[in-house]
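J.: Dumping the structure here so I can ask a few things about it.
Just so you know, all these numbers are worked out from the coordinates, no wet-lab data involved. These figures come from a predicted structure and were not determined experimentally. No Cβ is skipped: glycine too gets one built from the backbone with ideal geometry, and neighbour counts run over all protein chains shown.
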Amino acid sequence: MNHFKLNTISLALVTALVAPVAMAETNVYGKAHISVASIDDAAGSSIAISSHSSRFGVKGSVETEGSTEVFYKVEWQIDMTDDSAASDDHIKSRSQYIGVKDSWGTIKLGRDDSPYKKAGKKSIEFFSDTYADYNNIVDKGQDVRADSSMSYTVKAGPGKLSVMYAAGDDSTAAENTGDMTSLSYNAKFGSVVLAVATQTINKSVTNDETGTKLVIGYGISKATKVGFLFETVSDDLTLDDTNTLLSVKHKLGKDAVKFAYGFKDQGNANDATMLALAYDHKLNKSTTAYAIYADGADGGLNDSSKLAGDASVIGAGLVVKF
């Protein structure tokens, strides 16, 4: 990101923050998500009662006398099933930022999902926050919520262009280890959604990791959506990844049937695969009950579900949004 662009963004941010405040709006929100499942992997079998990224937060916006809007979000993840005294596991920070928005685009400062993480996600990730979360296949090291970040999003042609810089370690001695640049473009052409993204993370002084991602979503009908993802991740010190994922979601009235198959190629003799099936039943506008089956070979349920080797899950869950 060049100095001109940084100066332009900084000037727009300062101008917005000093504008007179007209009206403020604040909302408390959250999601409770718990499942009961029979899990089986190389270590054995167990019955698990788990919280899946349950969360609560506060978000709002402040209108100014001009056209600029100031907004904010402060969100935490909670584990509704663990030891309440284990504070390190029980409460974790999620997206927390302040931003400004006007006709020239949107700026955010704080901690937020990178453009790479967001790119095309709604078109491919139908099993989010379950045992079959797409991070079992999609590289979790690139699918990041970036600390100490600044992002800019603007309409460009038929879609939106997003760029983010994350400062990483603030220590001058660490030479900004962990800093990141992320870029994405998301567009819709009729029934087709197209998203492309690239991201480079400075893992250490001598090692950069770069990811590139393509997501294509297609609405076959109002009821049926298909998504395809292709990702490559290059790292100087570890095995490179080539990841592919196919997802299908078909609505049956208010309910839905979902399918996903993913493959993680690291050049090994036995590369990870994941297959998942689920049925969602809408109890009301804010509550969903679901049944899920997921199977992973050679670590295919490891990255998100932390199940090693060949593993399988049969379970049911309840999601309540408020």
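J.: Show log10 I(q)/I(0) for the chain at q = 0.06, 0.11, 0.12, 0.16 Å⁻¹, two decimals, from a solvent-free Debye sum over equal Cα scatterers.
T.: -0.23, -0.80, -0.96, -1.60
J.: Tell me, what ³J(HN,Hα) does each residue in the stretch 208-213 have, in order and in whole Hz, if you take phi through Karplus 6.51 cos²θ - 1.76 cosθ + 1.60 with θ = phi - 60° and put x for Gly and Pro?
T.: 10, 10, 10, x, 10, 9
J.: Using a simple spin-label model with points 7 Å from Cα along the Cα→Cβ vector, what separation in nm is obtained for residue 261 and residue 279?
T.: 2.2 nm
J.: Still on this structure, I have one more. What whole-number distance in Å separates the alpha-carbon centres of the stretch 254-292 and the stretch 175-217?
T.: Between the Cα centre of the stretch 254-292 and that of the stretch 175-217, the gap is 24 Å.
J.: Taking θ = phi - 60°, what integer Hz values does the Karplus form 6.51 cos²θ - 1.76 cosθ + 1.60 yield along the stretch 69-76, in sequence order, with x for Gly and Pro?
T.: 10, 9, 9, 8, 8, 9, 10, 10
J.: Treating only the Cβ atoms of Lys and Arg (+1) and Asp and Glu (-1) as charged, compute the dipole magnitude of the chain about its Cα centre; round to the nearest 20 debye.
T.: 1820 debye
J.: Can you run phi through the Karplus equation (6.51, -1.76, 1.60; θ = phi - 60°) for the stretch 151-164 and list ³J(HN,Hα) in whole Hz, with x for Gly and Pro?
T.: 10, 9, 10, 8, 5, 8, x, x, x, 10, 9, 10, 9, 9
J.: Once the Cα atoms of helix 3-17 and of the chain are each reduced to a long axis, what angle between those two axes, in degrees from 0 to 90 to the nearest 10, is obtained?
T.: Its long axis makes an angle of about 80 degrees.
J.: Determine the calculated [θ] at 222 nm for the chain from helices alone, applying -39500 (n - 2.57) to every DSSP H run no shorter than 4 residues and normalising by the residue count; nearest 500 deg cm²/dmol.
T.: Mean residue ellipticity at 222 nm (helix-derived): -2000 deg cm²/dmol.
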